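Let me begin by presenting the structure, written as structure tokens, before commenting on it.
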Amino acid sequence: MEREEVLFGVLGPVTAENRSGPIALKGPRHRAVLARLIVARRRVVPVARLVADLWTDSPPPGAVGAVQTFVAALRRALEPDRPPRAPARLLVTEGPGYALRAAPDGVDAWRFETAVGEAAELPPARALPRLDEALELWRGPAYADFAHEEWVRGERARLAELRLRSVERRADAQLALGLAAEAVPDLDAHLADHPWREDAWRLLALALYRTDRQGDALAVLRRARSTLVEQLGVDPGPGLRRLEADILAQDPALGAAAGQAGRAGQAGPTETAARLWTRATAAYDRTVAAGARARLETTVGLLRDLAVTGGGGLTAVREHRMAAVSAAEEFGDPVLTGRVIGAFDVPAIWTRGDDPELARQIVAAAERTLAALPPPDVSGGPGVVSRTSHADGTYDAVRCRLLATVAVETRGSHSSRGPQAASQAEAIARRLDDPALLAFALNGAFMQSFTRAGLAPHRAEIGAELVALGARHGLVTYEVLGHLISLQAYGALGDFRSADAHATAADRLAARHELPLVGVFTRWYGALRLAASGDLAGAGPAYESAAADLPDAGMPGLTHGLLPLALLSLHLADGPRVPARDAVDPAADWGPYRPWITPLAALASGDRPAARTALRALPDPPRDLLYEACCCLEATAALELGDRAVLTRVHERLLPASAELAGAGSGLLTLGPVSRYLTAITAALRD
């Protein structure tokens, strides 16, 4: 018997309907169960999880039975023609719970995401109607009946953000097609409800300028500045500032459609490139079937390229990367899935991930795919991998890329899996003598080179090999990565002449190959150089200037907590001592570094018992570029409190890095020589 098609709506109040019309869903608990299963996206939700989500305070004694009753009622409503005792085909029981096996296009939110994703790959003329179609699916706020439920909060926020971006992308497409006047009213309404959207302000001002309303465009930018300052306490970002300057200068480029904008001397090549892109993508659409594997792999290649174009590119990639992996898994071919997962070999320099949940999903997919591949051939000895050919590639190359992905995505973890995967990937890549594979594997080795303090010399070796490998084989992004790793390693070792040379080389390559994110790191390195040379008065403003670029960088794993930590480091330039209260303001955004600030903040306010409690509660520092810095912050509090147990532990951790500058291995900030902290600890333990 064919399963009756049921369409679910969550972009507004939760609904369900079949060919006969709307389906009655009875009471709010029934709708809550249905909504919770839709949030899970076809995955199983254990009964215990459903009980906890439906009764957030204390579940009644019969909660499990009640959930079973709700499910039974939903099954009758969703599959009214199912014979008695026949297994459910839509709301199924599986393992410890239930799953809703809705069709891929059976939920309006899923159709919305698909349409938005497709529009991102289309030229403006085809993207605009697709975005119109996507936005028309919204009937109100997502999951409107459950606005206050914790279990749906993340999904509601994600969908709301995607909708806001889609409104702005639609306006962008209108501007590209010369429909500036049509874009103005929708952008005005959009900003009335969402005045913090800087890109919407930019688009509205540009639309007004292109309709010969220069005065209104400047008024909008002034209103944007006033709104951002008064409501958020922040100044407009560089995009709005540049647009205001260009409007005042009546830059000719502002009158061009997207894809044709450029300075006068650049318009010709830009137009040619835009026409070539449009024709090529149109030909690709005509000749490559929509569901073809080749299209999926091409999409992943575009995502990889997009990731190095700037903050917006990184953000867009995080939206689509797991969707590409899931699409690959649906083919049931582990080699294809492995290639899709491993094709995202974008050089990574920062050791704290931007999206931990996405990283967890990617690692899980990589591990599933590794398990599905034929087992390695160990007949040649430990670690030897079979080179048996496959129609779509070799198993060993795919395995190498999957292992390197695991190594990169488990950065900062205390698990032994990351170092193990990095070692295996590097061994395979060297045996295959594949430069691109080796570069990716070395990136994984770098990410796992923080198992203890004092490993800057090892990272300098990795950086040197990546520079040579990249230069020899035209792997530009990995050549840049090698320079940045070398910058960090030599900074940790206090060899700033070498670090300076690598910073200059990285900037030169970035300018030549349009890699804007490189400048984020080299500008922070410039501030570090001032601090390390003793120019603390100049370092503070330099840090604040460098931090102004972070919101547009698309790297939240780097951004959160970094500026307060850098400014605090200036207070510790002369050695371990409790800083002033304003340097450890608990209200500041300390991000992931807050645990190491809390004891110092308590000490600065005179609350020694709270400081001691916070000190003893500190976790092991993450295995990342600021490992030594966190240890030194811990040592500073322990020295003030005279905590021998903590001092002994921190001394043991820091001893291998005695010749390094604490934190300078990040290329961003430093708390001074590690030896200074070790000397103070030794004296305290002796006394």
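The values are calculated or read from the model by the stated rules, or taken from the named source; none is laboratory data. No experiment lies behind these values; they were computed from the predicted model shown. Quick reminder, even Gly has a Cβ in these numbers, built from the backbone with ideal geometry, and neighbours come from all protein chains shown. Areas reflect the complete protein model, heavy atoms only, side chains present, ligands, DNA and RNA absent. Shrake-Rupley method; radii C 1.70, N 1.55, O 1.52, S 1.80 Å.
Modelled spin-label separation between GLU330 and ALA52, with each label point placed 7 Å from Cα along the Cα-to-Cβ direction: 3.0 nm. Computed extension length for ALA86-ASP433: 119.2 nm, one decimal, from 0.36 nm per residue of separation with the Cα-Cα distance subtracted. Only helices enter the 222 nm calculation for the chain: every DSSP H run of n ≥ 4 contributes -39,500 (n - 2.57), and dividing by all residues gives -19500 deg cm²/dmol, rounded to 500. Rolled with a 1.4 Å probe across the full set of protein chains, the surface gives ARG158 an accessible area near 90 Å².
Stokes-Einstein at 20 °C, 1.002 mPa s, Kirkwood radius from Cα pairs: D for the range 204-255 in µm² s⁻¹? Show your work: numbers first, answer last.
Details: Rh = 11.1 Å.
The calculation lands on 193 µm²/s.
Give me the percent of accessible area attributable to carbon and sulfur for the range 135-188, probe 1.4 angstrom. Show your work: numbers first, answer last.
Numbers: 1340 of 2590 Å².
Reported share for carbon and sulfur atoms: 52 percent.
For ALA460, what charge total do you get from the other residues with a beta carbon under 15 Å from its beta carbon, if Lys and Arg give +1 and Asp and Glu give -1? Write down the numbers at each step before the final one.
Working: positive: ARG459, ARG497; negative: GLU461, GLU465, ASP495, ASP500, GLU660.
That sum, taken over residues with Cβ under 15 Å, equals -3.
Find out how many positive minus negative residues lie around ILE485, taking Lys and Arg as positive, Asp and Glu as negative, among other residues whose Cβ is under 12 Å from that of ILE485. Please list the in-between numbers first.
Numbers: positive: ARG459; negative: GLU461, GLU465, GLU479.
So the surrounding residues net to -2.
Note: relative contact order over the chain, using C-alpha pairs below 8 Å and six or more positions apart, is 8 percent.
For a label point 7 angstrom out from the Cα of ASP582 toward its Cβ, which stretches of the range 535-552 have the backbone nitrogen within less than 19 Å? The answer is 536-545, whose backbone nitrogens lie closer than 19 Å to the label point.
Applying 1/(1 + (r/R0)^6) with R0 = 56 Å to the Cβ-Cβ distance of SER226 and LYS26 gives a FRET efficiency near 0.65.
You can think of it this way: the chain between ALA323 and ALA683 has 124.0 nm of extra reach, that is 0.36 nm per residue less the Cα-Cα gap.
How much length would be gained if the chain were fully extended between ARG512 and ASP212, taking 0.36 nm per residue of separation minus their Cα-Cα distance, in nm to one decimal?
Details: separation 300, 0.36 × 300 = 108.00 nm, distance 3.58 nm.
That pair, ARG512 and ASP212, stretches by 104.4 nm at full extension.
Axis angle, to the nearest 10 degrees, between helix 293-306 and the longest C-alpha principal axis of the chain: 40 degrees. Across the accessible surface of the range 555-682, with the other protein chains kept in place and a 1.4 Å probe, carbon and sulfur atoms take up 55 percent.
Working from Cα positions, state the angle (0 to 90°, nearest 10) between the long axis of helix 311-329 and the longest principal axis of the chain. For 311-329 against the chain, the angle is about 60 degrees.
Just the number, please: Stokes-Einstein D of the chain in µm²/s, Kirkwood Rh from C-alpha pairs, 25 °C, 0.890 mPa s. Mind dumping the intermediate values first?
Values: Rh = 28.2 Å.
In µm²/s, the coefficient rounds to 87.
Label-to-label distance, GLN361 versus ARG594, with points set 7 angstrom from Cα along the beta-carbon direction: 2.5 nm. Spin-label pair ALA245-GLU133: with each label point 7 Å from Cα along the Cα-Cβ axis, the two points sit 4.2 nm from one another. Carbon-plus-sulfur accessible fraction, the range 1-115 (probe radius 1.4 Å, protein heavy atoms only): 53%. The calculated FRET efficiency for the pair GLU544 and GLU150, based on their C-beta separation and a Förster distance of 25 Å, comes to about 0.10.
Let me have the relative contact order for the range 1-124, percent, based on Cα pairs under 8 Å that are six or more residues apart. The partial results should precede the final answer.
Details: 137 pairs, mean separation 37.7, N = 124.
This gives 30 percent for the range 1-124.
Once the Cα atoms are used to define both axes, helix 496-513 deviates from the longest principal axis of the chain by about 30 degrees. By a 1.4 Å probe calculation restricted to protein chains, THR636 has an accessible surface near 0 Å², given to the nearest 10. Counting only heavy atoms of the protein chains and using a 1.4 Å probe, TYR525 has close to 10 Å² of accessible surface.
For the range 39-79, the alpha carbon positions stretch 32, 21, 12 Å along the principal axes, listed from largest to smallest. Electrostatic bookkeeping for ASP235 treats Lys and Arg as +1 and Asp and Glu as -1; over the other residues with beta carbon under 11 Å from its beta carbon, the sum is +1. According to the square roots a ≥ b ≥ c of the eigenvalues of the Cα gyration tensor, what is the shape class of the range 422-520, taking rounded for a/c under 1.5, prolate for a/b larger than b/c otherwise, and oblate for the remainder? Taking the square roots of the gyration eigenvalues as a ≥ b ≥ c, the range 422-520 is oblate. Around the amide H of ALA16, modelled in the peptide plane, lie the amide H atoms of GLY9, ILE23, all under 5 Å away and 5 or more residues distant in sequence or on another chain. FRET efficiency for the pair ALA471 and VAL234, taken as 1/(1 + (r/R0)^6) with r the Cβ-Cβ distance and R0 = 51 Å, rounds to 0.80.
Would you mind telling me the antiparallel percentage of the DSSP bridges in the chain, rounded to 5?
On the way: 16 of 17 bridges.
In the chain, DSSP labels about 95 percent of beta bridges as antiparallel.
In this structure the chain gives 45 Å² per residue of accessible area when probed at 1.4 Å with all protein chains present.
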